[in-house]
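Trainee: Attaching a single structure in structure tokens format; questions to follow.
Just so you know, all these numbers are worked out from the coordinates, no wet-lab data involved. Bear in mind that the values here come from a model prediction, so they are computed numbers and not experimental data. All Cβ positions, even for glycine, are placed from backbone atoms using ideal geometry, and neighbour counts span all protein chains on display.
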Amino acid sequence: MFGYVRPYKPELLVRELSRYQSVYCGICKQIGRDYGHLERLLLGYDLTLLAILLLALSDEQPPEDFAGCISNPLKKRPALRGGQIIELAAGLTILMAYHKA
């Protein structure tokens, strides 16, 4: 069972919330590139937390750019672009959704 991990946004600092959202958007974009746009709906908070923890432990820091969001294409949001950790989180999202079904 997954889906229990959620950020408590009122307690996060602005830079922490921005980093969290950029990791979340980066995973979403990676799922769209690797698996298709419909699978982006499977993204949850669990693998975002895993990606943040792995990024904190690694030396790799993928570049951050601004990209349109699928929910609001007119508003550009910061998103991490690529990297092994983001690809891993995207793949694990699909794998967890497959085993949950």
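Trainee: Report, in deg cm²/dmol and to the nearest 500, the calculated mean residue ellipticity at 222 nm for the chain, where each DSSP H run with n ≥ 4 adds -39500 (n - 2.57) and the sum is divided by the residue count.
Mentor: -17500 deg cm²/dmol
Trainee: Further question: Test of understanding: in a Gaussian network model of the chain with alpha carbons linked when under 10 Å, which of 71, 22, 58 would top the mean-square fluctuation ranking?
Mentor: Comparing 71, 22, 58 in the GNM, the peak value goes to 71.
Trainee: Under 28 Å from the Cα of residue 75, which lysines turn up, not counting those fewer than eight places away in the same chain?
Mentor: The qualifying lysines are 9, 29.
Trainee: If you take the C-alpha gyration tensor of the chain, multiply each eigenvalue by 5 and take the square root, what semi-axes do you get, largest first, in whole Å?
Mentor: Values for the chain, descending: 19, 17, 15 Å.
Trainee: On to the next question. Out of region 44-101, which GluC sites (Glu not before Pro) are coil in DSSP terms and have no more than 12 other C-beta atoms within 10 Å? Kindly include the intermediate steps, with their values, before the conclusion.
Mentor: Values: sites: 60, 64, 87; in loops: 60.
Of the GluC sites (Glu not before Pro), the ones in loops of region 44-101 whose Cβ has at most 12 other Cβ atoms within 10 Å are 60.
Trainee: Expressed as a rounded percentage, what relative contact order does the chain have, with Cα pairs under 8 Å and six or more residues apart?
Mentor: 34
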